[in-house]
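Below is one structure, written out as structure tokens; the observations come after it.
The values are calculated or read from the model by the stated rules, or taken from the named source; none is laboratory data. The structure presented is a predicted model; accordingly, all values stated were derived computationally and were not measured. Don't worry about glycine lacking a Cβ; one is built from the backbone with ideal geometry, like all the others, and counts go over all protein chains shown. We work out accessible area using only protein heavy atoms, side chains counted, and drop any ligands, DNA or RNA first. Shrake-Rupley method; radii C 1.70, N 1.55, O 1.52, S 1.80 Å.
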Amino acid sequence: MGFALFQESLIEGVLFARDTWLKPDGLILPDRAYLYIAAVEDGEYKSEKLTYWRNIYGFDLSPMQPLVLREPLIDTISPEAIVTNFSRVILLDLQKMPRFSNPTEESLFKIVESNFELNAQRNDKVHGFTLYYDIEFSKCHKPIYFSTSPNSRSTGFKQTILWLSRDISLTNNQNISGKITFKMRGVNFKHLEIILNFEVQATKSSRMTSNSPSKQSFEQHFYLSTS
């Protein structure tokens, strides 16, 4: 399992080995994976990553900033930066799930798509989203779990941060509803596209005091690849 669970499509390799060599009564350990999403506030860190491009050995490379926002950041996120609850978006059962695709397919194809609902825990800005995953050894006599959560001890897998191109203001108990989609490209499983579609519900006070719409819609694409 790679960063954001699907990086480099390591899971596809496990499924290939399962279908090719695993005996009918064989086991896969770990056999389950759970992916979670939450909104985060970390304007200082985001600004640091973007302003870096304004002066690189005297050169202004700020036109690179939009491209930087399209690349997920692999790093640890502080639990205090989490603005919403965590929503589980994916459950994979490696023992039973089918393979993602025909490995000879050249076109971009969807491997996983899931809806999510988030609720703000305080008044704050949202600068991006973070992804983390847990894995489970459910076939052991006592189930064992391994977590890459910001609330757990740091691991080499860290978290995956998706910076937004436009920051969002949330008030306590405000809702975000959306969909996350993971896509891969045929024989080159190392190229992963993550698509975020989500809506932010307007608060009652903002609807009463202005002519603002009842919700704001956003869509952003991210690209995670390994050479």
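Summary table below
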quantity: Residue tally, condition closer than 16 Å to SER152 by Cα, open to solvent by less than 30 Å² (accessible area, probe 1.4 Å) and small (Gly, Ala, Ser), over region 75-89; calculated: 1
quantity: Where a residue in region 134-160 is under 18 Å from ILE37 (Cβ atoms) and modelled with pLDDT of 90 or more and its partner, wherever it lies, is of a type in the set (Phe, Trp, Tyr) and crowded, with 19+ Cβ neighbours inside 10 Å, with Cβ under 6 Å and at least six apart; calculated: THR148/TYR132; THR148/TYR133; THR148/PHE157; SER149/TYR132; GLN159/TYR132; THR160/PHE3
quantity: Those residues of region 46-74 which are buried (at least 16 other Cβ atoms within 10 Å of the Cβ), more than 18 Å from the chain's Cα centre (by Cα) and touching a residue at least 60 places away in the same chain (Cβ under 8 Å), in sequence order; calculated: LYS49
quantity: Residues (over 18 Å from PHE129 (Cα atoms) and surrounded by 15 or more Cβ atoms within 10 Å (Cβ to Cβ)) located in region 148-158; calculated: none
quantity: Some residue of region 178-187 being loosely packed, with under 13 Cβ neighbours inside 10 Å and at pLDDT 90 or above; calculated: no
quantity: Which listed residue is at positive phi and in contact with a Phe, Trp or Tyr (Cβ under 6 Å, 6 or more places away or on another chain), from LEU5, LEU35, LEU29, LEU69; calculated: LEU5
quantity: Region 14-35 residues that are in contact (Cβ under 8 Å) with a residue 40 or more places away in the chain, paired with ones that are among the hydrophobic types (A, V, I, L, M, F, W, C) and open to solvent by 70 Å² or more (accessible area, probe 1.4 Å) (beta carbon under 6 Å, 6 or more apart); calculated: TYR34/LEU91
